[in-house]
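Encoded as structure tokens, the structure appears first; notes follow it.
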Amino acid sequence: MLMFNIFSKLFKHKGVPQTATVTSPDRRLIAEFEVVGGVLQYQIKRDGRLVINPSRIGFELKNDRPLAKNMVIVRTAKKTHNEQWETVWGEEKTITNHYNEAAIYLAETDGAERLWTVRVRAFDEGVAWRYEFPAQPNWQAMEIVNEFTEFAFDWNSTGWWIPAYQPDRYEYNYTKSQLSDLENPVHTPFTMRLPLGCYAAVHEAALYDYGAMTLRPQDGRLVSDITPLSNGTRVGLVLPAQTPWRMVEIGQAPTDLMANRMMLNLNAPCKIQDTSWIQATKYMGIWWAQHLGELSWGTGERQAITTARVREYVDACATYGVPALLLEGWNTGWDGDWMNHGERFNFTEPVAGFDIDASLEYARQNNVKLMLHHETSADVANYEKQMTDAYAFLKAKNVHYLKTGYVGSRINHLEFHHSQIGVRHYQRTVEIAAANQVMVNIHEPIKGTGIERTWPNLLSREGARGQEYEGGALAPNHATIIPFTRGLAGSFDYTPGIFDVTNFTKRVATTITRQLAYYVVIFSALQMVSDRPHMYKDHPLFRFIQLVPATWGRSLYLLGEIGEYLVVARQVRDGTDWFIGGVTNENARKINLFFDFLDKDAKYTAEIYRDDENAHYRDNQMAYKIEAQEIRHGDHMAIHMASGGGFAIYLKKN
Ligand code: NOJ
Ligand code: CA
């Protein structure tokens, strides 16, 4: 029974129940929303036990009374939804969207009598709700000073988090701490282990025209902290309007969170009619040579993008079977302090020494797609001025892959990347890209909230500390945390595939074998083959990269503990073969792999790429073994992973 039942009875509105309960299809989760003393609250139970204790919901508005008190539920409408839909690309080909829903219609009992709706959906894998503000005669617009959606988890829960409102956006190492030790706002997805023994993550879905939600610790609970605008408010809305979905994903094991598809399910179906031009792919770049300092983004002796070099890299793509090639520094504006001079970037002017038409023609002849790059240095004003022309330029040149970048701590030196202004801008790029048949890979992006279901041309994004931070700033446990945290936000361009792990300018804190594992454990519909081509020449490990795809039919998260290790198996889309990847933190370990997911009565040939017994990410990174073995359903295998190491397996059905 609800603990606040007695109170609710006192505040009945003309006999309409002031409680709305939504149960998950499997009946294990119950979300109870209730108006208590005029205030909306909710709680979530799993198997009868509270996962979220009673938590309040409300809004503080500028020049208006708060939307928080004097509420009544005037009606609740319930429905059930159960469908399957097909992704254009992703971790699964087919996704089940099954939930029970309650639309809770609320009104104020005094004053303006403003109306709003809380729409709640309970899935087997969690609960989500959003706030909707319908068009109404006496309320046309609102400026939100504060949204307070509380999430009263047990304060003894353990969370894995990155800090919000920092200069490097989402590009931080994760900290593990008890909720009671949190001092400042953290980003979502925010993943937790609860004293109840299960795992939960708070995130949002379908973030459009709103500030991103961070979570602030306050009075022993997490409270939504919407990214502010420079004008002192957080969000401006014209009614009708709705917020993104507030989402609580729940699972017994941490790997269950990786299998959670609520975020995609809460987004609208695909809005692009013909998706035949949208293709997940692997891509090379001249990129790592730039990060190593061998080549530069700007002009001069080290200028990376020249007609000759692009030709050389196109040849490499053709030789190594990598379908696309990223060109950073193809346009003008990079000379000097580009990070602080975004206004210098021109998105239709190739740099001197680079014949773009000849290069595109050469790439076409070799069946390689060029991926152009728009670094903006977060000067969105400059970019928006040029966007129409810049995307028309891509279309005219028949370029379908684009990487964008927003290096800088504020958009236009003023607004957070994650503010409503940022969210709107990123969305404009996705939609103008779709209109020009361009697939995008956003770096320094807004976090993923599943809009790629609606706009599948948004193939990938960064939004975390990626391999560009190797050379000192990445520890082996990072990649055992991000799949459970950042990974819940979807496709992540981690840029795997560095074979030159012992390089003296940027030494990579992994064994070489682990670079293969990344293609499986970290999902991205754009997987980089990030090293310089000569590193792959005649390399026995490269075969795995050549074979591994960037989109899948099914994904199984076999084993994992956050910050410790992870093993993922993925099946080829429309095929029978499997790829398996495993990573561990700084602790070497042996894992036992059970092949109970394979087809019965079938035989598979396993190609196993693993760390040698004496491999170590610090001083023996190149020690690996390649083995072949026949595998059947029900077999098992013990695999050693070195400190900072991992393994990769290709299973071919015979
Ligand atoms: C940061 C991006 O993450 C990286 O991939 C890119 O090379 C640089 N910015 C330059 O744009
Ligand atoms: Ca970055």
Discussion item. I need the peptides 140-149, 399-408 ranked by packing, meaning the mean over residues of other C-beta atoms within 10 angstrom, with the highest value on top.
Written reply: 399-408, 140-149
Item to complete: Tabulate in residue order the Karplus-calculated ³J(HN,Hα) for the stretch 619-629, using 6.51 cos²θ - 1.76 cosθ + 1.60 with θ = phi - 60°, rounded to whole Hz; enter x for Gly and Pro.
Response: 9, 8, 6, 8, 8, 9, 9, 10, 9, 10, 7
Worksheet item: Separation of the stretch 266-320 and the stretch 20-66 by C-alpha centroid, Å?
Response: 47 Å
Fill in: Dipole magnitude (debye, nearest 20) for the stretch 547-604, charges at Cβ of Lys, Arg, Asp, Glu
80 debye
Worksheet item: What accessible area per residue, rounded to a whole number of Å², is obtained for the chain using a probe radius of 1.4 Å?
Response: 36 Å²
Worksheet, complete the sentence: Partner lysines whose C-alpha sits under 21 Å from that of Lys600, ignoring same-chain residues fewer than 8 away, are Lys652, Lys653
Item to complete: Taking the dipole about the Cα centre of the stretch 246-402, with the C-beta of Lys and Arg at +1 and of Asp and Glu at -1, give me whichever of Ala268, Tyr391, His374 is farthest to the positive side.
Response: Ala268
Discussion item. Can you give the local net charge around Val314? Use residues other than it whose beta-carbon is closer than 11 angstrom to its beta-carbon, Lys and Arg +1, Asp and Glu -1.
Written reply: +1
Worksheet item: Can you give the helix-only mean residue ellipticity at 222 nm for the chain, where every DSSP H stretch with n ≥ 4 adds -39500 (n - 2.57) and the sum goes over all residues, rounded to the nearest 500 deg cm²/dmol?
Response: -4000 deg cm²/dmol
Discussion item. Can you tell me, using C-alpha contacts under 8 Å and at least 6 residues apart, the relative contact order of the stretch 523-654 as a whole percent?
Written reply: 26 percent
Fill in: Charge dipole magnitude, Cβ of K and R +1, D and E -1 - the stretch 297-433, Cα centre, debye nearest 20
380 debye
Worksheet item: Distance in nm between label sites at Glu83 and Glu312, each 7 Å beyond Cα in the beta-carbon direction?
Response: 5.2 nm
Worksheet item: In whole Å, what is the distance between the alpha-carbon centres of the stretch 217-263 and the stretch 428-461?
Response: 20 Å
Worksheet entry | Relative contact order computed over the chain (Cα-Cα under 8 Å; 6+ residues apart), in percent | 11 percent
Worksheet item: How much length is gained on full extension from Arg589 to Glu384, taking 0.36 nm per residue of separation minus their Cα-Cα distance?
Response: 68.8 nm
Worksheet entry | Heavy-atom accessible surface of the chain: percent carbon and sulfur, 1.4 Å | 48 percent
Fill in: Theoretical FRET efficiency, 1/(1+(r/R0)^6), r = Cβ-Cβ of Ala396 and Glu343, R0 22 Å, to 0.05
0.35
Worksheet item: Residue by residue through the stretch 107-120, which ³J(HN,Hα) values in whole Hz follow from phi under the Karplus form 6.51 cos²θ - 1.76 cosθ + 1.60 (θ = phi - 60°), with glycine and proline marked x?
Response: 9, 8, 8, 9, x, 6, 6, 5, 10, 8, 10, 10, 9, 10
Worksheet entry | In the stretch 440-507, chymotrypsin sites (Phe, Trp or Tyr not before Pro) in a DSSP loop with at most 10 other beta-carbon atoms within 10 Å | Phe504
Response to the item:
Too long for a 20 Å Cα-Cα cut-off, among Lys176/Lys590; Lys93/Lys590; Lys79/Lys447; Lys93/Lys282; Lys603/Lys625, are Lys176/Lys590; Lys93/Lys590; Lys79/Lys447; Lys603/Lys625
Discussion item. If packing is taken as the average count of other Cβ atoms within 10 Å, what order do 632-638, 422-428, 542-548 fall into, highest mean first?
Written reply: 422-428, 542-548, 632-638
Practice prompt. Given the peptides 442-448, 569-575, arrange them by the average over their residues of other C-beta atoms within 10 Å, most packed first.
Written response: 442-448, 569-575
Worksheet item: How large is the charge dipole for the chain, taken about the Cα centre, if only the Cβ atoms of Lys, Arg (+1) and Asp, Glu (-1) carry charge, to the nearest 20 debye?
Response: 1500 debye
Worksheet item: Once Lys and Arg get +1 and Asp and Glu get -1 on their Cβ, which of Phe594, Asn138, Ser180 lies farthest toward the positive end of the dipole of the chain?
Response: Asn138
Worksheet item: Straight-line reach from Lys69: which aspartates and glutamates have Cα under 12 Å away, leaving out those fewer than 8 places along the same chain?
Response: Glu60, Glu108, Asp110, Glu113
Discussion item. Along the charge dipole of the chain, pointing to its positive end and built from +1/-1 on Cβ of Lys, Arg, Asp and Glu, which listed residue (Gln527, Val16, Leu229) has its Cα farthest out?
Written reply: Val16
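The values are calculated or read from the model by the stated rules, or taken from the named source; none is laboratory data. Values in this document were obtained by computation on a predicted structure and should not be read as measured data. Glycine gets a Cβ as well: all are built from the backbone with ideal geometry, and neighbour counts include every protein chain shown. SASA here: full protein model, heavy atoms, side chains in, ligands and nucleic acids out. Shrake-Rupley method; radii C 1.70, N 1.55, O 1.52, S 1.80 Å.
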